[in-house]
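Beneath this line is the structure, given in structure tokens, with notes to follow.
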Amino acid sequence: MKKIFNFALFDFANSAFTTIVITFIFATYFAKQIAPNPVMGQSYWGWTIGLTGFLVAIIGPIVGSFADKNNRIVFFIRCFSLLCIFFTTLLWFAKPSQSYLLYTLLVVGIANLFYELSLIFYNSLLKDISSNRNLGKSSGFGFALGYFGGIIILLISIKLFIDTDDLPFGLSKENSQNIRAIALLVSFWFLIFAYPFLFLEIKEKRKKVKKNASSYFTELKNLVWNKKLSVLAKFLIARMLYADGLNAIIVMGGIFAVGVFNLEIKELLKLSILMNITAFAGAFIGGIANDKYGSKFVIIFSLIGLIFSSIAILFTSLVSTFFFLAAINGFFIGPIQSASRVVITSMLNKNNQGKGFGLFAMSGKLTSFLGPLLVSTVTFLTNSQRIGFSAAIILLLAGLIILLSIKKIN
């Protein structure tokens, strides 16, 4: 149980980065105070996250294969996590001026690149800390604790840096010091809570790995193609599409809420807390359901729920209804992510977890630019954030259709 808790604690730690920087506070700060306007802010932000995702797709499988061959799983997760933390601290210098637009996008892009690469090796360790009979519960608990961490860091951010005139550490609201200081809080949070897993729990294991002359590319090809597409490859294609849709919703959600419903930052934070609470419940319940009914059932059920709630969001004009539907969205996102991780873990042995989750990252990131890019570009062309956001739903639907056609996964 200690291993599973420390594993989940890493999710608790890194959720601060995605919740605060990528999705809500810093994304909104960029759109409203650094970019020329929220519409352009949504476009620039989406293009940047999309580009870093594409880089992860190219780098991830190669690094994962290298790590498997050379027993470097732990080295890479430590290295990439620390680099993400370092670059996040540099957001302190992102002042509220258009002259800092390129700087902010560059720093966020690099930090996000290292964050995504660290997840390859974090996910690959699920099989080491859990047994086959409770992979779903372990994965779900990790995501659930991650969402809980998102709630706590948001509450702390509101109390200490936003909803107060008595700022700590001699800070002021001039030049948005209070918002920029939250980046330092995120870095500290990530480091402190990731420490038990990164430096106390995991150690590099000397796994017996066959030394052969085959290249990294040959080994990767063998996982997805043997005279025909493997079941793993078919699942990765389905996951690639619905992950694009999820990525667009997560990355662009905060900016969408601000632009369409004119939410102030306090309201946006309340929305984030609500979504994290429902996502916590969804991930936890989804993990239990995963072990009982199978990963495929959980993913399909959750995708259908997410598609219908997202369609409803496009047609609502009431803030209260939007909050309700966004909470439903949050409930279904967690199980999709958790069950997808379990599918890949179940298909791989311990000697190819790195390359397998490198491909998993590639399936989520090779076209991850597609979701934000479609949303951003359609938003730009139509000058409508509602129409732009509909692109995410199309990707979710495409992934669901392919997943339904795959018979040989549980």
Worksheet, complete the sentence: Taking every other residue with Cβ under 14 Å from the Cβ of Val375 and scoring Lys and Arg +1, Asp and Glu -1, one gets 0
Item to complete: Treat each spin label as a single point 7 Å out from the Cα along the C-beta direction, and report the Ile304 to Lys407 distance in nm.
Response: 2.1 nm
Worksheet, complete the sentence: Beyond 24 Å (Cα-Cα) in this structure, taken from Lys3/Lys408; Lys69/Lys408; Lys127/Lys296; Lys69/Lys296; Lys69/Lys292, we find Lys3/Lys408; Lys69/Lys408; Lys69/Lys296; Lys69/Lys292
Worksheet item: Taking neighbour Cβ counts within 10 Å as the exposure measure, how do Asp128, Asp163 sort from fewest upward?
Response: Asp163, Asp128
Worksheet item: For the charge dipole of the chain, defined by +1 on Lys and Arg C-beta atoms and -1 on Asp and Glu C-beta atoms about the Cα centroid, which residue among Val342, Asn262, Ile192 has the Cα displaced farthest towards the positive pole?
Response: Val342
Discussion item. If I fit a long axis through the Cα atoms of helix 73-89 and take the longest principal axis of the Cα atoms of the chain, what angle between them do I get, 0 to 90°, rounded to 10?
Written reply: 10 degrees
Worksheet item: What number in nm² do you get for segment 12-115 if you take the convex hull of its Cα atoms and divide its surface by four?
Response: 6.5 nm²
Discussion item. Using Cα springs under 10 Å in a Gaussian network model of the chain, which residue among Leu55, Leu101, Leu160 shows the largest mean-square fluctuation?
Written reply: Leu160
Worksheet item: At Leu167 and Thr382, where each label point lies 7 Å from the Cα along Cα→Cβ, what is the point-to-point distance in nanometres?
Response: 3.8 nm
Discussion item. If I fit a long axis through the Cα atoms of helix 38-70 and take the longest principal axis of the Cα atoms of the chain, what angle between them do I get, 0 to 90°, rounded to 10?
Written reply: 20 degrees
Item to complete: For segment 56-133 and segment 277-307, compute the distance between their C-alpha centroids and round to whole Å.
Response: 26 Å
Worksheet, complete the sentence: Candidates Leu359, Leu171, Leu396; GNM for the chain (alpha-carbon contacts under 10 Å) flags as most fluctuating Leu171
Discussion item. Angle check, please: helix 295-315 long axis (alpha carbons) against the longest principal axis of the chain (alpha carbons), in degrees 0 to 90, nearest 10.
Written reply: 20 degrees
Discussion item. As a footprinting exposure proxy, order Lys221, Lys69, Lys355 by other Cβ within 10 Å, with the fewest listed first.
Written reply: Lys221, Lys69, Lys355
Worksheet item: Put a dot 7 Å past each Cα toward the Cβ at Leu155 and Asn349; how far apart are the dots in nm?
Response: 4.6 nm
Worksheet item: Suppose every K and R has +1 on its Cβ and every D and E has -1 on its Cβ; what is the size of the dipole of the chain about the Cα centre, in Debye to the nearest 20?
Response: 2000 debye
Worksheet, complete the sentence: Residues Lys266, Lys227 in order from fewest to most other beta-carbon atoms within 10 Å are Lys227, Lys266
Worksheet item: Pick from Arg386, Arg133, Arg72: which residue has the top mean-square fluctuation in a GNM of the chain where Cα pairs under 10 Å get a spring?
Response: Arg133
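Read the figures in this text as sums done on the coordinates, not as results from a lab. If you're wondering where the values come from, they're calculated on a predicted model, not measured in any experiment. Neighbour counts run over all protein chains shown; Cβ positions are idealised from the backbone, glycine included.
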